[in-house]
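Enquirer: Before I ask anything, let me first share the structure, which is written out below as structure tokens.
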Amino acid sequence: MIKSKPVDELTTVPPLGMDEESVRNCFRYYYNHTLGRSNNCLATHYPYKALSYTLRDRLMERWKKTRSAYEDSDCKRTYYLSLEFLMGRALSNCMLNLDLNETVQASFYKLGLDLEEIADSEQDAGLGNGGLGRLAACFLDSCATLQLPVKGYGLRYEYGMFKQRIEQGHQIEDTDHWLLNGNPWELERPEYTQRIKFGGYTEFHKNNKGKLTVYWNGTRDVLAVPYDIPIPGFQNGTVNTLRLWKAAATDEFDLDEFNMGSYTEAVEEKNSAEHITMVLYPNDSSENGKELRLRQQYFLASASLQDVLREWLFRHDDFSQFAEKNCFQLNDTHPTISIAEFMRLLIDEHEHTWDEAWAITSNSMAYTNHTLLPEALERWSVPLFKSLLPRLLEIIYEINTRFLEQVAMHWPGDAQRRRQMSIIEEGSVPQVRMAYLAIVGSFSVNGVAALHTELLKQGLFNPFYQLWPEKFNNKTNGVTPRRWLAGCNPELRQLISKKIGEKWIKDLSQLKQLEKFVHKKEFRKQWQAIKKSNKVRLAALIKEQCQVDFNTNALFDVQVKRIHEYKRQLLNILHVIHLYNRIKAGDTKDWTPRCVLIGGKAAPGYAMAKLTIKLINNVANIVNNDPQAKGLLNVAFFPNYNVSAMEVICPGTDLSEQVSTAGKEASGTGNMKFMMNGALTIGTLDGANIEIREEVGADNFFLFGLTAEEIDTSRPHYDPMSIISNDTDIANVMQILESGYFNQCEHKLFEPILNSIKSSHDMWMTLADFRSYIDAQEEVAIAYQDTEKWTTMSIINTLSSGKFSTDRTMQEYNRDIWKMKAVPAHPVK
Ligand code: 26Q
């Protein structure tokens, strides 16, 4: 930290002005007075905290004005229920949205503090695995910017996504204790604590009016304490809320144990209550069936629904208008237990009949699906459900019985249909199929890209589509242009704004206006200079994180995302090996120097994904240390890929790798961040790649590989061994891998990978696309040599990325599903 001047003491509360002096005084007050730091304190943490408080104060009044505007207008609201919100850092985002960037910069200059270093010391809020969690964060940003009354509900995990280290090429997981030094962005709200039931049994009694009433007794209860996080819109006075629940023990002891003298054992029970929000599950692509995960899901659902009902009843006498005025958007099946919980609350606690409760529930729930992988569809064992949530299981059975009557009416006499569509899957251990519960209990079911929605309708959920075609709709994902262009690429922001003004930040379709400048010499030069400068920044980060030198004149070829077989990081590394073979064979005429960056976390229990990381690291090690490859090819594995890393990576990327097996990636959103920042895509016709290619034009996209349909039709005859024997490049890649060249002291280490590539049952059909991939990469290499052509393509990528703003996505959700009116915040005096 550069600190040439002391931070003068200030002990009176300064005004909340947005000018430089007020901001500086407020910072001084917090730094010296509230935090009690002296001038010679060197840690970046305290200035970070003092600045955060300074900004938070300025959010606070806007937060209240937003809340009162929503209350006064009695507007319709939406609740985004999600087990994940991958928020990343808050501070610089807050400065951007309050338009305080330059002001704070000026204050810090006067104080002699380094703003960048201080902003960099903020921990990422890593409360998500990947795409689905980051999407939730981008959605909140867009809703605040569009002034839509949307509140996020999630869990306040004590430990977020694990931190990844690489040791001898292997992934090592460290815990992410992100709250250790406190979180200046959260506001505890103990007055809204909710009580959540677990376990116990149900009893049926007639109440005094002769009505049959269900009591859920003998439960072990846990408290849910809310923490609110402000979500500022872009320079519009709106501040929405993300409410995260923390689990806390009730003050009740197990009195028997207590009286028997087992004081500590009785207190220990507190521990198990608080475990519920201890840790985020780090697997993002397979169901895991663990009891604690079901506890988390129910805890979120019950706390959030009770909270919404409490607020509703504060202002309304009954539920007659509830579904008109409220909508719950379920982020995948993870919060789907909400459907049964809402039924329970309405029937057992608010005395509604089944039919009334069902009308309210099924008209207020909407479900978003994020995966086509059958192994990722959540199922819970009936016995587990029964022991943990006995009342909810009864309700699910009743929902299913009534639903199957509908199926029987639609397909009379078709027992197979009923079995196929049943929410309860029969078997030795019967299972609750959460996706089916979500479809049955929601008025809207959406996929996250055009192809994905089509595949849901024609494949996975086809029987449901036949029954209720009107429920199904597509909502192509997006990313917020605030964080993913204006925030992470300030130089490009400035250049764009100089040409077309600042309006594009709130209306990304305006980037089209850059068309006028595509062929302007000066503009192109600046475009190139900015890409270069972002590559320099990225290269420095790679040097620091990976100890690998990336030459900024080379093509920066990047694949960052969770490590999974379907995403085919293997295909990428096989191509690297192919390039290396060419170098070794002296086949380097007209070579395009290339630096390949791969990053991402593997689920801790996913052996193949972890072995892929090891292979990438081993190949990197050999290639980077081979003098023959020097200046031609470099490879690095980026450790602990997260939101903040992406903010440096995407602006410095030339080539974005989106190479999943067609039909497997629901949408992808990294692809959109790269495109916005002027990277070109090499990709398959999968997920949102298809729409990216449509927007940018086939000439500005490097396409390869089989289509989803071709994958399906060729799967039965897939013969990787014959592909190997008929293609010498591929044979050479397999040969060097099998020779143990990349695992010289680690005999047979990569055997599982080699076997899966060579297997005719390889689910991901890696070799089916390898030749086409090599050829497309060769086209990339040639295109990159023509700097002028590449620059044109890069500009066209950015100016065509308007569709992929979450502002557009949110407007579509609102138009088709939520049907809310925008509500401007009351002005701040
Ligand atoms: C399930 C059961 C138990 C524990 C964890 C999970 C779990 C957690 C996270 C399952 C899945 C996820 C996350 C999935 C995800 O991120 N999917 C991605 O969603 C993006 C946003 O729609 C898409 O762009 C990606 O294509 C999709 O893979």
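The values are calculated or read from the model by the stated rules, or taken from the named source; none is laboratory data. On a predicted model such as this, the values are computed, not experimentally measured, just so you know. Positions of Cβ are backbone-derived with ideal geometry, glycine not excepted, and every protein chain shown enters the neighbour counts. Keep in mind that these areas ignore ligands, DNA and RNA; they rest on the heavy atoms of the full protein, side chains included. Shrake-Rupley method; radii C 1.70, N 1.55, O 1.52, S 1.80 Å.
Enquirer: Could you work out the relative contact order of the chain? I mean the mean sequence separation of Cα pairs under 8 Å and 6+ apart, divided by the number of residues, in percent.
Expert: 14 percent
Enquirer: Sticking with this structure for a sec: Find the all-direction average of the projected area of the Cα convex hull for the chain, expressing the result in square nanometres with one decimal place.
Expert: One quarter of the hull surface, i.e. the mean projection, equals 39.4 nm².
Enquirer: For the chain, which DSSP H helices look membrane-span-like by this rule: Cα extent along the axis of 27 Å or more and mean Kyte-Doolittle of at least -1.0?
Expert: Numbers: long enough: 45-73 (41 Å, -1.43); 291-315 (37 Å, -0.26); 390-410 (30 Å, 0.11); 521-546 (36 Å, -0.91).
Helices meeting the span and hydropathy rule in the chain are 291-315, 390-410, 521-546.
Enquirer: When ranked by the protection proxy of mean other Cβ atoms within 10 Å per residue, highest first, what sequence do the peptides 599-605, 542-548 form?
Expert: By packing density, highest mean first, the sequence is 599-605, 542-548.
Enquirer: Can you give me the relative contact order of segment 492-556 as a percent, contacts being Cα pairs under 8 Å and 6 or more apart?
Expert: 21 percent
Enquirer: Which order do peptides 619-625, 510-516 fall in by mean Cβ count within 10 Å, highest first?
Expert: Result, highest mean first: 619-625, 510-516.
Enquirer: Could you check the spin-label model distance between Met260 and Ser286? Points 7 Å from the Cα along Cα→Cβ, value in nm.
Expert: 4.0 nm
Enquirer: Here's something else I'd like to know. What length, rounded to one decimal in nm, is gained on full extension from Thr353 through to Lys525, with 0.36 nm per residue of separation minus their alpha-carbon distance? Present the calculation step by step, with values, prior to reporting the outcome.
Expert: Values: separation 172, 0.36 × 172 = 61.92 nm, distance 6.90 nm.
Here the segment from Thr353 to Lys525 would lengthen by 55.0 nm.
Enquirer: Follow-up. Go ahead and run the numbers for FRET between Gln168 and Asp775, Cβ-Cβ distance against an R0 of 35 Å, rounding to 0.05.
Expert: Efficiency computed from Cβ-Cβ geometry: 0.50.
Enquirer: I need to check one value: relative contact order of segment 36-156, counting alpha carbon pairs closer than 8 Å and at least 6 residues apart, in percent.
Expert: Details: 107 pairs, mean separation 49.0, N = 121.
Here the relative contact order equals 41 percent.
Enquirer: While we're here: Would any residue of segment 616-632 have its amide N under 19 Å from a label point 7 Å out along Cα→Cβ of Lys543? List them or say none.
Expert: 624-625, 630-632
Enquirer: Per-residue ellipticity at 222 nm for the chain, helices alone: DSSP H runs ≥ 4 residues times -39500 (n - 2.57), over residue total, nearest 500 deg cm²/dmol?
Expert: -13000 deg cm²/dmol
Enquirer: Give me the percent of the accessible area of segment 686-829 that comes from carbon and sulfur atoms, probe 1.4 Å, all protein chains in place.
Expert: Answer for segment 686-829: carbon and sulfur cover 52 percent of the accessible area.
Enquirer: State, to one decimal in nm², a quarter of the convex hull surface area for the C-alpha atoms of segment 479-580, i.e. the direction-averaged projected area.
Expert: Average of the hull's projected areas for segment 479-580 equals 8.7 nm².
Enquirer: Give me Rg over Rh for segment 648-777, both radii from the alpha carbons and Rh done the Kirkwood way, two decimal places. Write out the running numbers ahead of the final one.
Expert: On the way: Rg = 16.4 Å, Rh = 16.1 Å.
Checking Rg against Rh, the ratio lands at 1.02.
Enquirer: How big is the Cα convex hull of segment 190-247 in projection, averaged over all directions, in nm²?
Expert: Across all orientations, segment 190-247 yields a mean hull projection of 6.9 nm².
Enquirer: Report, as a whole number in µm² per second, the diffusion coefficient that Stokes-Einstein gives for segment 395-464 at 25 °C and 0.890 mPa s using the Kirkwood radius over alpha carbon pairs.
Expert: Taking Rh from Cα pairs, D becomes 189 µm²/s.
Enquirer: Would segment 275-418 count as rounded, prolate or oblate if I go by the C-alpha gyration tensor, calling it rounded below 1.5 in a/c and otherwise prolate when a/b exceeds b/c, oblate otherwise? If you can, show how the numbers build up before the last one.
Expert: Details: a/c = 1.68, a/b = 1.09, b/c = 1.54.
It comes out oblate by the Cα gyration axes.
Enquirer: Which percent of the accessible area of segment 499-624 is formed by carbon and sulfur heavy atoms (probe 1.4 angstrom)?
Expert: Carbon with sulfur: 52 percent of the solvent-accessible area.
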